[in-house]
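Bear in mind these aren't lab numbers, they're just calculated from the coordinates by the rules spelled out. A quick note: this is a predicted structure, and the numbers were derived from the prediction, not measured. Cβ coordinates were reconstructed from backbone atoms using ideal geometry, including for glycine residues, and neighbour counts include every protein chain displayed.
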Amino acid sequence: MKKYSVAALTILLAFSACKEKKKEQTQSIAPQTEQVAPDSLQTAVVQPVATTVTPSQEDKYFLIAGSFLNKEYADAFQAQLAQKGYNAQVVQRTWGTNSEYFRVACKSFYDKSDAYNALNEMQQSEEIANVWLLIK
């Protein structure tokens, strides 16, 4: 029983001593202010700098005009679409089912609604047969 009371008393003293040190530390740190004469102050005019930060947005939605197992065929079809004025690119998904296919995208979009609108327009105009949407 003596051991427990001595241990409890020691712990109690240790905690009370820590509180006193914290009080001393907080009291010794007092903000120091200087009085400055208004004549000695200079005003600085800061002009805001206009900067345009454009987040790097990678396209996520692709209108696929053709899908090939052979990269050479995909490259040839991409060249045909480029001759028609499309900014075609070969897209290959690195995960999931059918990831071994090389898809030729005739258009790509970051925004989902823009991609679906363009898909509907292309399907109605029948510029490219069987165009579909790939979400990467």
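In this structure, the amide hydrogen of Leu133, modeled 1.01 Å from its nitrogen in the peptide plane, lies closer than 5 angstrom to those of Ile64, counting only residues at least 5 positions away or on a different chain. A crude spin-label estimate for the pair Glu58 and Ser125, with each label 7 Å from Cα along the Cβ direction, gives 2.9 nm.
Under 5 Å from the amide H of Lys107 lie the amide H atoms of Leu63, each residue being 5 or more positions distant or on a separate chain, with H modelled from the backbone and absent for Pro and chain starts. For the range 84-89, 3J(HN,Hα) computed residue by residue from phi via the Karplus equation (6.51, -1.76, 1.60; θ = phi - 60°) reads 7, x, 8, 8, 7, 8 Hz, glycine and proline entered as x.
Note that the range 95-105 has calculated 3J(HN,Hα) couplings of 9, x, 6, 6, 6, 7, 7, 9, 9, 9, 9 Hz, one per residue in order, obtained from phi through the Karplus relation 6.51 cos²θ - 1.76 cosθ + 1.60 (θ = phi - 60°); glycine and proline are x. Once the chain from Ser99 to Ile135 is taken as fully extended at 0.36 nm per residue, the excess over their C-alpha distance is 11.7 nm. Using θ = phi - 60° in the Karplus curve 6.51 cos²θ - 1.76 cosθ + 1.60, the 3J(HN,Hα) couplings for the range 113-121 round to 5, 4, 5, 5, 5, 5, 4, 4, 4 Hz; x is entered for Gly and Pro. In whole percents, the pair-distance distribution calculated for the range 61-135 from its alpha-carbon pairs, binned every 5 Å from zero, is 3, 18, 27, 26, 18, 7, 1.
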